Amino acid sequence: MTVMEMFRHLTRKARQSDSVARVLWRTQMAGNRVSAVKRPIAAVLISGSLLGSASAKNCTLSNEFQLSRSQVLAGVLEDPIPLPLPGFRLELLAGRHVTGTAATSSNGEYSFGEVPVGHYRIRIRHGGDPFCAPEVNCNEAGCLVQRQVRLNPKNKPEVVY
């Protein structure tokens with residue numbers, strides 16, 4: 001099984017078990033092939049590079065963005081593969097106050113509905129916080145929430161070669 005095949009397999013298992021931490025495994029690498037699967041950890045290898053860092057900060061809260069006009073804030077969340085992320089909870093924050101919540105559907109879709117003018121952040125919630133909040137990009141036409149989220153580097157990696 002190649003590393004990418006293992007990553008896809010673990011991602012599917014994470015959706016089935018509803019806990020990424022239970023299915024991200026310590027792997028022993030032999031060249032570019034996975035030769036053994038051992039015990040659960042919170043690290044994933046892709047082509048020999050580690051996603052995550054033991055000293056990295058938590059990224060479950062997005063960058064602050066400003067809506068200069070009221071707009072519907074909705075989208076789809078996908079993992080790095082990209083596959084939809086069902087069952088994730090998203091919170092819309094103004095300062096430290098939660099002003100809206102949304103949950104992703106089986107297709108990864110979510111909506112905060114019509115959001116008024118203001119400064120906001122998005123927080124992503126799921127067991128163990130395995131992913132970073134989506135990035136939000138704004139321009140004159142409005143704000144767009146990126147589809148793909150990346151793995152959260154706060155989860156301490158462990159790699160065995």
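The values are calculated or read from the model by the stated rules, or taken from the named source; none is laboratory data. Note that the structure is a prediction, hence the values are computed from the model and not measured. Neighbour counts run over all protein chains shown; Cβ positions are idealised from the backbone, glycine included.
Annotations
- Looking only at the range 122-137, and only at residues there that are assigned to a strand (DSSP E or B) and touching a Cys at 6+ places or on another chain (Cβ under 9 Å), the one that is farthest from residue 66 (Cα to Cα): 131
- Among the residues of the range 106-114, some residue qualifies, meaning at least one is more than 21 Å from residue 142 (Cβ to Cβ), assigned by TED's automatic domain parsing to the domain that holds residue 141 and among the hydroxyl-bearing types (Ser, Thr, Tyr).
- Filtered residues of the range 63-102 (kept if without any contact (Cβ under 8 Å) to a residue 60 or more places away in the chain, loosely packed, with under 15 Cβ neighbours inside 10 Å and assigned to a loop (DSSP other than H, G, I, E, B)): 64, 70, 95, 96
- Any hit, the range 110-121, residues being under 25 Å from residue 68 (Cβ atoms) and either part of a loop (DSSP other than H, G, I, E, B) or in contact with a Pro (Cβ under 7 Å, 6 or more places away or on another chain) (or both): yes
- Output for the range 138-147, where each listed residue is surrounded by fewer than 17 Cβ atoms within 10 Å (Cβ to Cβ) and either charged (D, E, K, R) or in a strand (DSSP E or B) (or both): 138, 139, 140, 142, 144, 147
- Evaluation of residue 105 against (1) touching a residue at least 24 places away in the same chain (Cβ under 8 Å); (2) out of contact with any helix residue (DSSP H, G or I) (no Cβ under 6 Å at 6 or more places or on another chain); (3) of a type in the set (Gly, Ala, Ser) (one fails), failing number: (1)
- Residues that are modelled with pLDDT under 95 and among the β-branched types (Val, Ile, Thr) within the range 77-116 comprise just one, 81.
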